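Right, one structure below, let's go through it.
The values are calculated or read from the model by the stated rules, or taken from the named source; none is laboratory data. This structure is a prediction, so every number in the text was calculated from the model and none was measured. Ideal geometry is used to build each Cβ from the backbone, glycine not excepted, and the neighbour counts take in all protein chains shown.
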Amino acid sequence: MTDKELFEIAEKAKEYSYSPYSNFRVGAALLCEDGKVFTGTNVENASFGATVCAERVALVKAVSEGCKTFTKIAISADKNPCSPCGICRQSLIEFSPEMQVIYMSQDGCLVNVNLKDLLLNNFVL
């Protein structure tokens, strides 16, 4: 699957965002090694600590259905650039440190970076 195709799936996932507090919609599409794609969107909560990011929603869906090795994740947001937050980076790197992270740059071009490069000195043993 191309980066553009995966990003388009993330854009569609963004439409389901529950973000009444920030009004900042995010969608994610996580590509498993076997070719399956799991989507997620951000789900906010009045207790901000209970808010869940789109990337972790996709990750939890994938892991709960048996997928634990990933090649790419695409993130689409209302404002660019938007790469994964620190908690999402750590959550993702637990499973696939070499996965590619795809997001839109401020000038509208797709960016593709290695997750390991986004989270130096991570907690993976």
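Side notes on the structure shown:
- Enumeration of residues in the range 48-75 that are part of a helix (DSSP H, G or I) and among the aliphatic types (A, V, I, L, M): Ala50, Ala54, Val57, Ala58, Leu59, Val60, Ala62, Val63
- Top-ranked residue of the range 1-47 - restricted to ones that are in a helix (DSSP H, G or I) and of a type in the set (D, E, K, R), ranked as surrounded by the fewest Cβ atoms within 10 Å (Cβ to Cβ): Lys4
- Of the residues examined, Asn42 is not one that is over 19 Å from Ser64 (Cβ atoms), at pLDDT 95 or above and among the polar types (S, T, N, Q).
- Filter pass, Asn122 being within 18 Å of Met1 (Cβ to Cβ) and out of contact with any Gly (no Cβ under 9 Å at 6 or more places or on another chain): no
- Residues located in the range 12-32, provided they are closer than 27 Å to Ser96 by Cα, free of Cβ contacts under 8 Å to residues at least 40 places away in the same chain and not hydroxyl-bearing (Ser, Thr, Tyr): Lys12, Glu15, Cys32
- If you filter the range 76-108 down to residues that are outside any loop (DSSP other than H, G, I, E, B) and out of contact with any strand residue (DSSP E or B) (no Cβ under 8 Å at 6 or more places or on another chain), you find that the one that is surrounded by the most Cβ atoms within 10 Å (Cβ to Cβ) is Cys88.
- The numbered conditions (1) in contact with a strand residue (DSSP E or B) (Cβ under 6 Å, 6 or more places away or on another chain); (2) of a type in the set (Val, Ile, Thr); (3) without any contact (Cβ under 8 Å) to a residue 40 or more places away in the chain; (4) within 18 Å of Met1 (Cα to Cα) are all true for Val43 except (4).
- Among the conditions (1) of a type outside the set (S, T, N, Q); (2) at negative phi; (3) more than 13 Å from the chain's Cα centre (by Cα), the only one that Ile102 does not satisfy is (3).
- Residues satisfying the stated conditions in the range 36-48, i.e. in contact with a Ser or Thr (Cβ under 9 Å, 6 or more places away or on another chain) and under 26 Å from Asn112 (Cα atoms): Thr41, Asn42, Val43
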